[in-house]
Amino acid sequence: RLGLDAEDVLADGRAHTHRVHTLQLAAEANLLDARDAKLAHTLRERARSLTAAPPPPLPVGLKATLRPYQIEGYHFLVHLAVLGLGGVLADDMGLGKTVQTLAWLLHLAETRPANAAPLRALVVCPKSVTHGWLVETARFTPSLHAVAFDPVRPNSHLSAPASGLLIANYTQLRLNADWFKAQTWDAVVLDEGQFIKNPGSQVATVTRALPTQHRVVLTGTPIENRLTDLWSLFAFAQPGLLGTQSSFRRHYHVA
């Protein structure tokens, strides 16, 4: 509590003397008690806020009937957004992660302040599912204007007056990294997030540098080969949550 550690007290096996007056220790202890009490109060209030927000209703413009577990996934994403956190939606494959995410993005669009600019979200996905995002957005959330990224005219979608989604594949993100990093996004969604499982890859590095308020990873396989896969997902979704890569490897004995 005084800020001393073993290296301050012991060096080369010989004890070092620290001259601290008893009254100084008492005064320091009183200050620490006050600080600790304030910290404990802050933590209690923070913990209370985690459960205080009631589950939100489904967005008005949603044109889909969600199953109970999909509603729970939607509530999970909204809960993270309210708290300013990113996260990983790791439902099994084929359980509707796309429609859950679209419902969440529509919620963000419908709850924006009246004077705010339209929602601007980026969805990065494999090339094979780009069309699926365009089709499902038009079907389930038609008020969200989804367009595919055009590397020839990257700014063509910026003039859209309504809330919109830009759909890009991972190769486009990597090849046009400077353009994507120069934009400001309200939300970034990584579909099939295992594409960034290698934290040292160029595409993983680009995703971590994207400026955005909300970050979500969708994947049916958050861990494919090793625990470092999971670290890489959270290095994007909630930077710092799992510590540094080296400390993560040491703590969990990752080869």
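The values are calculated or read from the model by the stated rules, or taken from the named source; none is laboratory data. This is a predicted model, so every value here is computed, not measured. Heavy atoms of the whole protein, side chains included, go into the accessibility calculation; ligands, DNA and RNA do not. Shrake-Rupley method; radii C 1.70, N 1.55, O 1.52, S 1.80 Å.
Some values worked out for this structure:
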{"read-out": "Karplus-derived 3J(HN,Hα), 6.51/-1.76/1.60, for each residue of region 195-202, Hz, glycine and proline x", "value": "5, 10, 5, 8, x, x, 6, 5"}
{"read-out": "Distant-in-sequence amide H partners of Leu119 (H built 1.01 Å from N, under 5 Å)", "value": "Ser163, Gly164"}
{"read-out": "Helical mean residue ellipticity (222 nm; -39500 (n - 2.57) per DSSP H run of 4+; nearest 500) of the chain", "value": "-13500 deg cm²/dmol"}
{"read-out": "Value of relative contact order over the chain, rounded to a whole percent, pairs C-alpha under 8 Å and six or more apart", "value": "18 percent"}
{"read-out": "Nearest 10 degrees, 0 to 90: helix 22-52 Cα axis against the chain principal axis", "value": "20 degrees"}
{"read-out": "Amide H within-cut-off set for Asp91, under 5 Å, with H built and near neighbours excluded", "value": "Thr219"}
{"read-out": "Gain in span if fully extended, Ala53 to Arg249, counting 0.36 nm per residue against the direct Cα distance", "value": "67.0 nm"}
{"read-out": "Rounded to whole Hz, the Karplus (6.51, -1.76, 1.60) HN-Hα couplings of region 215-224, x for glycine and proline", "value": "10, 9, 10, 10, 6, x, 9, x, 10, 9"}
{"read-out": "Solvent-accessible area per residue for region 144-240 (1.4 angstrom probe, square angstrom)", "value": "42 Å²"}
{"read-out": "Accessible surface of the chain [probe 1.4 Å, protein heavy atoms]: carbon and sulfur percent", "value": "57 percent"}
{"read-out": "In Hz, Karplus ³J(HN,Hα) per residue of region 115-131 (6.51, -1.76, 1.60; θ = phi - 60°; x = Gly, Pro)", "value": "8, 7, 5, x, 4, 10, 10, 10, 10, 10, 8, x, 4, 5, 10, 4, 4"}
